[in-house]
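One structure, as structure tokens, below. Some questions next.
The values are calculated or read from the model by the stated rules, or taken from the named source; none is laboratory data. Note that the structure is predicted; figures quoted are calculated from it, not measured. No Cβ is skipped: glycine too gets one built from the backbone with ideal geometry, and neighbour counts run over all protein chains shown.
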Amino acid sequence: MNTYEKQMLEILKRAGANYGVVAVKAEFEAEGTRVDELLRLLEIAHRADLKVAIKIGGCEAIRDLIECRQYGANYIIAPMVETPYALSKFIAGKDKFYPADEKEDTDFLFNVETRGTYDQIQELGELAAKGQTGMVFGRVDFAGSMGHSRDFVNSDEMVGYVCGVAEVAKKHNLDLVVGGGVSPDSIDPLRRVRAIRLDRFETRKVIFDAAVLDGEEARQGMELAIEFELLWLKNKRDYYRTIAAEDEARIAMMEARQNAKAS
């Protein structure tokens, strides 16, 4: 492990022991996580004794599901599930490619991230209960679907939408996770949701047990999550910078030969 990765590991160990961190997250979807990046994240997470969540590319991203099984993902999230039909596709896919015993060790969830999804949340909740699938409320995309900026995510109106989904999760005993623009400013809005039902919340890379909201540790935990993500981005930048530069000397030599011949 390089210096960045050692620092990330120490942060995760501390965050897991003291600040309710339960998992780290990668995305095949919007983040476009590459295999080499995922392997580094898996090693860091396993050394920190944390779980790994992966957001796949869509409701029927079968190859992603297969790869999640190969990598041993603990949480699998399907994005942009806007209709019961899309959710049925996700449920059918995970039931087909995950044996019953492995499904017992894996949590499957779908994203509630548009107003269209919200408008069908009652039917989606019933189907999710039958398909043993939880929900992740993506606040930034939800705000965007209504023409709002990310500043909307901690508003009272947004809390109302999230609480509406929490009521459905409570009714059907479904896991509910909230993400999207999570920061220390989100603590009070998240606590209002937790009064109904909230199992976990997440930043871009780090997932927390929502029980941390019951104490005073959530702010420090979020600050550690920000530090972790910054280190992750720096490590990613330097890794690909090294790859991009590794053949520069040979390219210069070959170009010099071509120029010499041309002259």
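Would you check if there is a residue in region 41-50 being out of contact with any helix residue (DSSP H, G or I) (no Cβ under 8 Å at 6 or more places or on another chain) and among the basic types (Lys, Arg)?
Looking through region 41-50, none of the residues is out of contact with any helix residue (DSSP H, G or I) (no Cβ under 8 Å at 6 or more places or on another chain) and among the basic types (Lys, Arg).
Determine if region 206-224 includes at least one residue that is in contact (Cβ under 8 Å) with a residue 24 or more places away in the chain, among the small types (Gly, Ala, Ser), under 16 Å from residue 21 (Cα atoms) and surrounded by fewer than 20 Cβ atoms within 10 Å (Cβ to Cβ).
Looking through region 206-224, at least one residue is in contact (Cβ under 8 Å) with a residue 24 or more places away in the chain, among the small types (Gly, Ala, Ser), under 16 Å from residue 21 (Cα atoms) and surrounded by fewer than 20 Cβ atoms within 10 Å (Cβ to Cβ).
Which residues, counting only those in region 164-181, are outside any helix (DSSP H, G or I) and in contact with a strand residue (DSSP E or B) (Cβ under 6 Å, 6 or more places away or on another chain)?
Within region 164-181, 174, 175, 176, 177, 178, 179, 180 meet the criteria.
Do you know which residues across region 63-113 are touching a residue at least 60 places away in the same chain (Cβ under 8 Å) and touching a helix residue (DSSP H, G or I) at 6+ places or on another chain (Cβ under 7 Å)?
Within region 63-113, 113 is the sole residue that qualifies.
Here is a follow-up. Criterion first (in a helix (DSSP H, G or I), at pLDDT 95 or above and of a type in the set (Lys, Arg)) does residue 197 satisfy it?
no
Considering each of 233, 213, 174 in turn, give the residue that is more than 17 Å from the chain's Cα centre (by Cα) and farther than 26 Å from residue 122 by Cβ.
Numbers: 233 fails: more than 17 Å from the chain's Cα centre (by Cα); 174 fails: farther than 26 Å from residue 122 by Cβ.
From the options 233, 213, 174, the qualifying one is 213.
Which of (1) surrounded by fewer than 17 Cβ atoms within 10 Å (Cβ to Cβ); (2) more than 12 Å from residue 133 (Cβ to Cβ); (3) out of contact with any helix residue (DSSP H, G or I) (no Cβ under 6 Å at 6 or more places or on another chain) is the odd one out, the single condition residue 60 does not satisfy?
(3)
Here is a further query. Tell me which of these residue 109 doesn't satisfy, since it passes every other one: (1) more than 17 Å from residue 66 (Cβ to Cβ); (2) part of a helix (DSSP H, G or I); (3) in contact with a strand residue (DSSP E or B) (Cβ under 6 Å, 6 or more places away or on another chain).
Single failed check for residue 109: (2).
Still on this model: Which residue, of 61, 17, 30, 48, is small (Gly, Ala, Ser) and under 16 Å from residue 204 (Cβ atoms)?
Being small (Gly, Ala, Ser) and under 16 Å from residue 204 (Cβ atoms) holds for just one of 61, 17, 30, 48, which is 30.
Quick check: is even one residue across region 148-156 touching a strand residue (DSSP E or B) at 6+ places or on another chain (Cβ under 6 Å) and farther than 23 Å from residue 74 by Cβ?
No, region 148-156 contains no residue that is touching a strand residue (DSSP E or B) at 6+ places or on another chain (Cβ under 6 Å) and farther than 23 Å from residue 74 by Cβ.
Could you check region 133-163 and list, in sequence order, the residues that are free of Cβ contacts under 8 Å to residues at least 40 places away in the same chain, assigned to a loop (DSSP other than H, G, I, E, B) and surrounded by 15 or more Cβ atoms within 10 Å (Cβ to Cβ)?
Selection gives 148 alone.
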